[in-house]
Amino acid sequence: MIDFSVPASVTALAEEIRQFVTEEIIPFETDPRLTAHGPSDELRQELVELARKRGLLTFQAPTRHGGREPSHVDQAVLYEAAGWSTLGPVALNCAAPDEGNMFLLNKIANDEQSAKFLEPVIAGHQRSVFAMTEPGGAGSDPGQLKTTATFDGTTYTINGTKWLITGATGAQVWIIMADVQENDHGPSGATLFLCEGDTPGISIDRVMSTMDRNYVEGHGVVTFTDLRLPASSLLGEVGSAFRYAQLRLAPARLTHCMRWLGAAARAQSIAVEYAQTRTAFGKPIGEHQGVGFMLADNEIALQQCRLAIWWACWTLDQGQRGRHESSMVKALVSEELFKVADRCVQVLGGIGISDETPIGMIFSDIRGFRLYDGPTEVHKYAIARQILRTERQRS
């Protein structure tokens, strides 16, 4: 039986996180260091220190690394509270891509790699990137990977171009996906590598202009030119990158959903307050059926999304892989929360597209959520394949 009971300790922590975000982080939403390319690293560091002082930093980390190691369902409650501001996850060090990278490194990094690459990210001292997406290459279909790694028996030499690499500028911990070419010294195939951001051969060409501005330092275009890495830079086994990526993606899809649920709930809260105080045609606009129905549709959607997230998280907590479930939830939640944000803009009218409230920013940022970790169409494609595969097995 599915059990969605939330421990009192988790509820209390969520309330503490929500209070922290409301009181200490929301005021930074108008800080000039929140730029068109996202918060600067200087702003991130200031926010991280505020969370550190409150004892809330990286609350999701494993206990062996000083975190609280909440279950997936517990995370759903806590991340929603963190997402009340788009800067909340940045401050609490549970934002993408660092959150997903920490999860992956905790699973497959060896002890030496954990000490060098994982622990500084958990501590909030360094940022990380996951360099997979390519122009005309790997993306929703990682099988189109074009970045290559040649191996001479001692050193891997990586060449290729990546783009939409979130947080590339200033990041020190790099996870790079490259296709190890056939060689006489060992196995080949898509592989993950770990290295430092200042390693010769990594060039950040530019930061892309995008609709969203909630990720630290935005999204970069990166070129690898004869990037030489020793065999000790291998993250896991050669040829296992796709399997490791899926290990990372199922929970990461859900944490995206959790954070954006918090942001959408904030937008709804602002819209409700506005609908109670703004009048038109002799009464508050919320009492007009057109506006009231939009608010009702939002409330229904928010609860549907919340329960769907909890269901998929419960599945993971039972030890299942959750790929099918997380795809269904990502497809549902990303579409529904975008509609919620859009209706909130509509309720506020002209003020909704301004920066007088955070709703316009939430709307622009949440549009990208429909693409993060796979667009809706790719998830539906995977869901359909699973349905057909299951039916064939039954027959």
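Please treat every number below as a calculation from the coordinates, not as lab data. All values derive from a computational prediction rather than experimental measurement. Quick reminder, even Gly has a Cβ in these numbers, built from the backbone with ideal geometry, and neighbours come from all protein chains shown.
Some observations on this one:
- Unit charges at the beta carbon, dipole of the range 147-225: most positive-side option, Thr154, Gly186, Gly201: Gly201
- Computed with the Debye formula from one identical point scatterer per Cα of the range 242-394, without solvent, the log10 of I(q)/I(0) at q = 0.12, 0.14, 0.16 Å⁻¹ comes to -0.56, -0.71, -0.85.
- A compact globular protein would have a Cα radius of gyration near 2.2 N^0.38 Å; the ratio found for the chain is 1.01.
- Label-zone membership for the range 293-328, site Glu335, 7 angstrom Cα→C-beta point, backbone N under 18 Å: 297-309, 312, 324-328
- Note on the chain: with a GNM built from Cα contacts shorter than 10 Å, the maximum mean-square fluctuation among Thr154, Thr315, Thr30 falls on Thr154.
- Principal semi-axes in Å for the range 128-238 [√(5λ), Cα gyration tensor, largest first]: 24, 15, 11
- What the Cα convex hull of the range 65-213 gives, in volume per residue, is 140 Å³.
- With the simple spin-label model, which puts each label point 7 Å out from Cα in the Cβ direction, the Thr225 to Asp152 separation comes to 1.9 nm.
- Lysine pair count for the chain (Cα-Cα distance under 20 Å; residues 8 or more apart in sequence or on different chains): 5.
- Between Ala296 and Ser9, full extension at 0.36 nm per residue minus the direct alpha carbon distance yields a gain of 100.2 nm.
- Modelled label reach - Thr22, point 7 Å along Cα→Cβ, the range 261-280 residues with backbone N closer than 17 Å: 262-274
- The chymotrypsin sites (Phe, Trp or Tyr not before Pro) of the range 247-298 meeting both criteria, a DSSP state outside H, G, I, E and B (loop) and at most 14 other C-beta atoms within 10 angstrom of the site's C-beta, are Phe281.
- Using only the C-alpha atoms, the convex hull of the range 316-395 corresponds to 108 Å³ per residue.
- With at most 14 neighbouring Cβ atoms within 10 Å, loop GluC sites (Glu not before Pro) (DSSP) excluded, longest segment of the chain: 1-181
- Per-residue ellipticity at 222 nm from helix content only, as computed over the chain with -39500 (n - 2.57) for each DSSP H run of at least four residues, stands at -15000 deg cm²/dmol.
- Between the range 62-131 and the range 305-334, the alpha-carbon center distance in angstrom: 19 Å
- Geometric descriptor of the range 8-95, per residue, is 88 Å³ (volume of the convex hull of the Cα atoms).
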